Structures are given as structure tokens and as C-alpha cells.
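Each remark here refers to the structure printed beneath this line.
The values are calculated or read from the model by the stated rules, or taken from the named source; none is laboratory data. Model, not experiment: these values are computed from the prediction. Positions of Cβ are generated from backbone atoms using ideal geometry, with glycine treated the same way; all protein chains shown enter the neighbour counts.
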Amino acid sequence: MAATEPPAKRLRAELMQDPGVIVCLNVDGLKARALPAVGEGPGLHMTAMLSHLLSVSSPLPTHRPDVIFLSELHLRARSPSRQDLVEQVVVGASANDNMQAASAIQTLAALVSSPLLAGWTSHFSLHALKRGQSGVCVLLRPGLVPLSIRFSLDLSVAPGVHHPEGRVIVLEFDTLRTLFTYTPNLGSNPARRHAFDTQLHSFVSAPNAKPLLWAGDLNVSPTARDYHGAAIQGGVLAGTTTAEQGRFAGILAAGGLRDEWRSRNPGVMGGWTWRGDKYLRGGVMRLDHFITSGALWPRVLRCEAVAPDGVKTRGPRTNYSLNHYFGTDHWPIWLELAPAAPSAPSGQ
């Protein structure tokens, strides 16, 4: 009879896993998604949104997401040295600051304590100084444990050092790395966006034995087929400028990467992930992406955007129209990977 495998070896085998299904969503402020609206029971809105995110790729439990990435949380960190924790109520702080801190604590509790995420683990990177800006988190299904985690594009800093605005989470798994970012909007600060793009270029160019999957709200429509609407002036609006598109193309080339949805839908105008009803009279853009290394291309089974048409679980927030996903102006994107081929035994 074969000897029993040592417990430590069995545990290591269980830990060496890759995610299969990944879902990304820009929530445009987690408080509005997590805390109950007027007349709404506690947790109902969060439960509805999480329930849909968990079923967006498949109604089958075996095809549910392994990783959920949420961006633009709009929560401030406890301190510049603790960007993994939300701000806290402080003795002597103003009543408004403590009210904001209390609601932030309540927001995160509503997320991580949801029965739908029982057993899941979470990792946060929040803005070091400002409320209402950036902030990201990853949620990992029970049993999925990364081999390493870092929070910055700067490979010269320690893994626990965060991007100061809370925009980056990097997870290493058995056969791949995942880079999740909430890329800055060009907005009124082009230098900030340029600096972030420069860091991305360096990150994807750095040698690494494991292929890369990069995902999130990358705030760029790479081609003229990735935005539509009379109010969107291509080449002028943030996300469509020649400079942004050029730097994005340079990042892909430097890392040997491809835009997964576009590669599967060449020539198609669509795949929208953002709608500007409030600002751009219904203009739509493809701003959220999955970007993959060549070694992963044979493993990608599906890459989809949850387009607005046909989505029945919108609202119930009133600050955006029902064309939006649970009140946020983005919709989810998701990707499914096949397992890596087993390595050949040593000596063969």
C-alpha cells in the first residue's frame, strides 16, 4: 500500500491553485452599494449586488467566481502606513470626520460579513489621505490562497508598501500573476495618469517566469470602436485621447499582452462597460478590460462584458438611471481560464 502523503505536502498541493473565473466591477463608491437606501432593509442592496456578481458568469455553482475585484471604493485608509484598514473613529476628531469614519466602518462590515461571502478572504488598498477617491479590494473564494501579494507597481519597494492612492493589488498564484488596477482618469491631472502609465510600462516589462493577467477599470478606450455616442468627442474626452491610447498600446507591446475582449471581437463596436447618462447623455465606453500574456491565451475560455441590455437587476439607487448596474455607472466584466496543463514528471 502506498505511503500516506505527508500533511505538509498535501496542504501545499491544496494551496497551489489558480483562479478559474474572475469578475471585476467599478462600484463608483462602496457606501452607496453597501448601506441601505431610505426604506430599504439592512443589507438588501449589497446582497442583491453580490448575488448577481456571484452568478454573472454562470448559474452553476461550479462555475462561480474565484476572484471578485472591486474598484473605486471611495474609502480613506486608517493612516498612510495602514492602507489595508479603513479610517477609524478618533477621540477629539470633528463630528463630521467621526460620522464619515463610522459609515466607512459600517460599509466594509456590510461587505465582508455578507453571508454570501462566508469563508471568503479580502485584501484592501485604500487612499492614504483622501475620502471619496480610488480604493480597491479583491475577494477570494474559500481555499484560494495566493502565494504572494503586493500593493504597488514599484518592484523596488517591499510587498506591503501600497500605491499612495490605493490603486493596485498584485496576486501571485501557481502558474500566473494577476495585476488588478484602478487606473487614474486623465481628468485635470494628466501628469498623474502619465506617471501611472510609466509605472505600468516598467512593471509589465520586468522579467518574470509567470504570465500576467491584468484586469480592472483601466480608464482607456483603446480604439474608436470602443466608445459611442454623440456627446463623446473621440480624441478629446478622457480615455479616448491619442496620448492615452498610444501609451496603452506601448504597455501591451512591452509586456507581450493583448486586450482579450477585443482580440475575440475584432471590428465589433460594443462591449461597453460604462455609460454616461448623467454626464454624456447616454454615451458608452469600453473602459474595463482583461489583458493577458501570450502563455495564457490558449487557456482563456471566455471573456465577456455584462452589457446593459437585458440586465434585469439594475437599481434601485435613484442617483443614476436604471441603465446602470446597481447604481454604479459601470457593469461587470468577467473572464474564465482553463486549468494549466500538468507539468511533466521530473526526468521525462
(message) For the stretch 114-132, which positions are outside any helix (DSSP H, G or I), modelled with pLDDT of 90 or more and farther than 17 Å from D84 by Cβ?
(response) S114, A118, G119
(message) Need the failing condition index for D288 against (1) modelled with pLDDT of 90 or more; (2) farther than 19 Å from L337 by Cα; (3) in contact with an Asp or Glu (Cβ under 9 Å, 6 or more places away or on another chain), just the number.
(response) (2)
(request) For residues that are among the hydroxyl-bearing types (S, T, Y) and loosely packed, with under 13 Cβ neighbours inside 10 Å, tally how many sit in the stretch 85-128. (result) 2
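Here's the yes/no breakdown for (1) more than 30 Å from T62 (Cα to Cα); (2) of a type in the set (F, W, Y); (3) touching a residue at least 40 places away in the same chain (Cβ under 8 Å):
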{"residue": "S81", "(1), (2), (3)": "yes, no, no"}
{"residue": "A109", "(1), (2), (3)": "no, no, no"}
{"residue": "L116", "(1), (2), (3)": "no, no, yes"}
{"residue": "L144", "(1), (2), (3)": "no, no, yes"}
{"residue": "R150", "(1), (2), (3)": "no, no, no"}
{"residue": "F180", "(1), (2), (3)": "no, yes, yes"}
{"residue": "T183", "(1), (2), (3)": "yes, no, no"}
(message) Looking for something under 30 Å from G119 (Cβ atoms) and assigned to a loop (DSSP other than H, G, I, E, B) - is there at least one such residue anywhere in the stretch 188-206?
(response) no
(message) Test of understanding: among L144, L140, which residue is among the hydrophobic types (A, V, I, L, M, F, W, C), closer than 24 Å to H74 by Cβ and surrounded by 14 or more Cβ atoms within 10 Å (Cβ to Cβ)?
(response) L140
(request) Identify all residues within the stretch 177-187 that are outside any loop (DSSP other than H, G, I, E, B) and hydroxyl-bearing (S, T, Y); write none if there are none. (result) T178, T181, Y182
(request) Any chance you could count how many residues in the stretch 211-253 are closer than 23 Å to L337 by Cα and aliphatic (A, V, I, L, M)? (result) 7
(request) Scan the stretch 158-176 residue by residue and report those that are outside any loop (DSSP other than H, G, I, E, B), in contact with a Phe, Trp or Tyr (Cβ under 9 Å, 6 or more places away or on another chain) and of a type outside the set (A, V, I, L, M). (result) H162
(request) State which residue is farthest from G216 (Cα to Cα) when the search covers only the stretch 152-163 and only residues that are touching a residue at least 12 places away in the same chain (Cβ under 8 Å) and surrounded by fewer than 15 Cβ atoms within 10 Å (Cβ to Cβ). (result) L155
(request) For R141, state whether it is modelled with pLDDT under 95 and charged (D, E, K, R). (result) no
(message) Restricting to the stretch 146-157, count the residues that are under 24 Å from H330 (Cβ atoms) and assigned to a strand (DSSP E or B).
(response) 1
(request) Give the stretch 180-234 a look and list any residue that's under 25 Å from F124 (Cα atoms), out of contact with any Phe, Trp or Tyr (no Cβ under 6 Å at 6 or more places or on another chain) and small (G, A, S), or say none. (result) G187, A195, S202, A206
(message) Please return the ranges of strands (runs of 3 or more DSSP E) entirely within the stretch 57-113 where 3 or more residues are within 30 Å of L301 (Cα to Cα).
(response) 67-71
